[in-house]
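Everything below concerns the one structure shown next.
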Amino acid sequence: MSKEYLKEVLKKISICRNFELNVFNAVKKNNIKFPVYLSAGQESISASLATIIKKKKIKPLIFAQHRCHSTYLSFGGNIRKLIYELLGSKKGCAYGMGGSASIQSREINMFGHDGHMGTQAPIAVGACFQSKKPTIVFLGDASAEEDYVLASLGWASTKKLPILFIVEDNNLSILTEKKVRRNWDIHSVAKSFKMKAFNISDNPLEIKKKSKYFFREPILLNINTNRLFWHSGAGIDSDKTFDRYKSLRKIFGAQGNTIHNKAKEKIDILWKKMLERQ
Amino acid sequence: MEKNVRETIKEIIRRHLKLKQGKVFGQCLTAVGWVGGTLPEMYEKDGMVEVSMADVAGGGFAVGAALMNSRPIYVIRYQGFNWYNAPMIVNYACKSKEIWKKPCPVFVRSIAMEGGIGPVAGSSHHSLYYRMPGVKICSPMTPKEYKSIYKKFMREDDVFYVSEHRGSYNNKKELKNVLVKKPDIVLFAISITRFEAIKALNILIKQNIKISLHHILWIKPLKIESKFIKNLKESKYGGLILDDDYENGIAKSIANELNIKSGKPIYTLGLKEKSAGFYPTKDNLPPNKNEIIKKINKIINEKK
Ligand SMILES: Cc1ncc(C[n+]2csc(CCOP(=O)(O)OP(=O)(O)O)c2C)c(N)n1
Ligand SMILES: [Mg+2]
């Protein structure tokens, strides 16, 4: 049972990872000239959530922030439209206006982000309050510090909304570490707002364990993860960073490689074609 | 019986909640006073939603509700609180249609008052929103005007910043433009200054000064009757914009626009360039009839 789940998650991650590697190359080759925020290293969060939620047959409202390619892809956003968007085309998912950070998808109920980190929290809370629909809002460990995010936790808790706050905690605000910025934890803060809150790793099994609470009441998961590439653009801060994808692939051995290669082939070809067509 | 502005707003809100299943968001709505008597006595079950006292987030809650196609009315009890409430309204709701083709219409009821309330929140702050794209700004001071702007909001899909003034709530009368041939000066009045402009005009007539008066309901996009541009062109001394906000904002922007259109000098009169204190002599109030008359006399005397 959990093997099936892990395989689904792995498949999703492999698509996201290969996508991000193509974006990385496109930036390096100057085919993309604006800031991109690569989610490589952090994919298992969205991949796990999307897999869990599909199983539950729920179609949530999704509010993400700048580092959101994996969220878009995991929940089923159209790949071509995202490539078009990154190439600045009108056919893009945000009509060529959204770049990398402000993408959206009507099909999967994913709303665009305005670039001010953390604004997605109050907006998601308002949307959830109005519609009472299951809602997921993605935050970074830094945007979680915004006063309006904290206020959003408070009101979501007061109104007992079916909302899931996901903090993708890569320990970094650009390059400033959490310990430099604060001496508190967002999961403890959420608890003092009388919400259920947990501090877990980005292991898909850990995420799944908490899914019994999803959308019954407001909850917050602070999920510790790792960013493989630069905050913005194509570069590597350290080659010693733990990579969840690699460790998951190992579990599946040869099958893991097959999953990876299949996704790689599909996505490499797609990128190549679309870049040539430009 | 004829309704005043207060009763008109209250009725509009009652219908918005009852018939359109809309919502009103704001702070301290259901407490004593019901926002100057402009809200019907309804509660969260009816759609009147008390948000927490977190102003910045509150603006975001209203924006999120608007994304769900609910056309929320967001009440900001003092316009100065917009310094906190505005961020997500101007940066998200106002841009959403352009960037994502996803309209996000919020009806911002932003309320001005002044006199003895100190430096914090008084007067109008519509200039704060004015410089941003994707917002429509109006300042209704009469029952008919209020009804018309609400209807327009429900027909369209934009963010409306409705710059109200408590001083208008008792008003039942419609305010008419005054067009005199070859005037000395044409007045363009915004918000609460419209009432003082009428008083000033009546006094100036007796001094044989010829004044036309154009009431500005629509600030953005700016709506000025074309015959008043012609009138401005044939005026002796140009125009004067009156505002309940600081002059370095909407007033000077409109002055520039009218100057280009008419070739005439356009002057401005608004709040003074200082903070308001609580004590009457330290206050910062919008131009009253005497100040308007003084300014007009000064313009005329300087040119003579
Ligand atoms: C309101 C606001 N302040 C500052 C910034 C500049 N900024 C952009 S991304 C970023 C760090 C975000 O960190 P986090 O939320 O942890 O997300 P991550 O980049 O780590 O995924 C900062 C400070 C911003 N975009 N918006
Ligand atoms: Mg971070």
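The values are calculated or read from the model by the stated rules, or taken from the named source; none is laboratory data. Quick caveat: nothing in here was measured; it's all calculated off a predicted structure. Cβ coordinates were reconstructed from backbone atoms using ideal geometry, including for glycine residues, and neighbour counts include every protein chain displayed. Surface areas here come from the heavy atoms of the whole protein model, side chains and all, with no ligands, DNA or RNA. Shrake-Rupley method; radii C 1.70, N 1.55, O 1.52, S 1.80 Å.
Points worth noting:
- Count of segment A:145-175 residues, restricted to those that are over 28 Å from B:Trp83 (Cα atoms), surrounded by fewer than 23 Cβ atoms within 10 Å (Cβ to Cβ) and within 9 Å of ligand 2 (Cβ to nearest atom), is 2.
- Taking the criterion of being assigned to a loop (DSSP other than H, G, I, E, B) and not aliphatic (A, V, I, L, M), the residues of segment A:1-45 that qualify are A:Lys29, A:Asn30, A:Asn31, A:Lys33, A:Phe34, A:Pro35, A:Tyr37, A:Ser39, A:Gly41, A:Gln42.
- Counted residues, segment A:103-127 - those being facing chain B (nearest Cβ under 7 Å) and in contact (Cβ under 8 Å) with a residue 24 or more places away in the chain: 7
- Test result for B:Lys97, in contact (Cβ under 8 Å) with a residue 60 or more places away in the chain and closer than 30 Å to A:Lys81 by Cβ: yes
- For segment A:46-71, the set of residues classified as out of contact with any Lys or Arg (no Cβ under 9 Å at 6 or more places or on another chain) and part of a helix (DSSP H, G or I) consists of A:Leu49, A:Lys54, A:Lys55, A:His69, A:Thr71, listed by residue number.
- Here is the figure for segment A:84-129: residues that are among the polar types (S, T, N, Q) and within 15 Å of ligand 1 (Cβ to nearest atom) total 4.
- Among (1) surrounded by fewer than 17 Cβ atoms within 10 Å (Cβ to Cβ); (2) among the β-branched types (Val, Ile, Thr); (3) within 11 Å of ligand 2 (Cβ to nearest atom) - the single one A:Val180 does not satisfy: (3)
- Remark: pairs (first residue in segment A:143-160, outside any helix (DSSP H, G or I); second residue more than 16 Å from ligand 2 (Cβ to nearest atom) and open to solvent by less than 10 Å² (accessible area, probe 1.4 Å); Cβ separation under 6 Å; 6+ apart in sequence or on different chains) = A:Lys159/A:Phe129.
- Pair list, Cβ < 7 Å and 6+ apart or interchain, from segment A:182-200 residues that are free of Cβ contacts under 8 Å to residues at least 24 places away in the same chain to residues that are part of a strand (DSSP E or B): A:Lys191/A:Ala197
- When B:Gly239 is tested against the conditions (1) out of contact with any Gly (no Cβ under 9 Å at 6 or more places or on another chain); (2) over 23 Å from B:Val162 (Cα atoms); (3) open to solvent by 70 Å² or more (accessible area, probe 1.4 Å), the lone failure is (3).
- Of the candidates B:Glu145, B:Glu196, B:Glu164, B:Glu174, the single residue that is out of contact with any Cys (no Cβ under 6 Å at 6 or more places or on another chain), under 30 Å from B:Ala62 (Cα atoms) and not in a strand (DSSP E or B) is B:Glu145.
- Exclusive hit being closer than 16 Å to B:Phe25 by Cβ and not assigned by TED's automatic domain parsing to the domain that holds B:Tyr279, set B:Ala65, B:Ala121: B:Ala65
- Screening A:Glu206 on (1) more than 14 Å from chain B (Cβ to nearest Cβ); (2) crowded, with 20+ Cβ neighbours inside 10 Å shows it passes everything except condition (2).
- Members of segment A:100-122 that are open to solvent by 10 Å² or more (accessible area, probe 1.4 Å), of a type outside the set (Lys, Arg) and over 18 Å from A:Cys16 (Cβ atoms): A:Ser102, A:Asn109, A:Phe111, A:Asp114, A:Gly115, A:His116, A:Met117
- Residues in segment A:130-144 that are of a type in the set (Ser, Thr, Tyr) and either away from ligand 2 (no atom under 16 Å from the Cβ) or surrounded by fewer than 20 Cβ atoms within 10 Å (Cβ to Cβ) (or both): A:Ser131, A:Thr135.
- Residue count for segment B:251-291 under the criterion of being among the aliphatic types (A, V, I, L, M), part of a helix (DSSP H, G or I) and in contact with an Asp or Glu (Cβ under 6 Å, 6 or more places away or on another chain): the result is 1.
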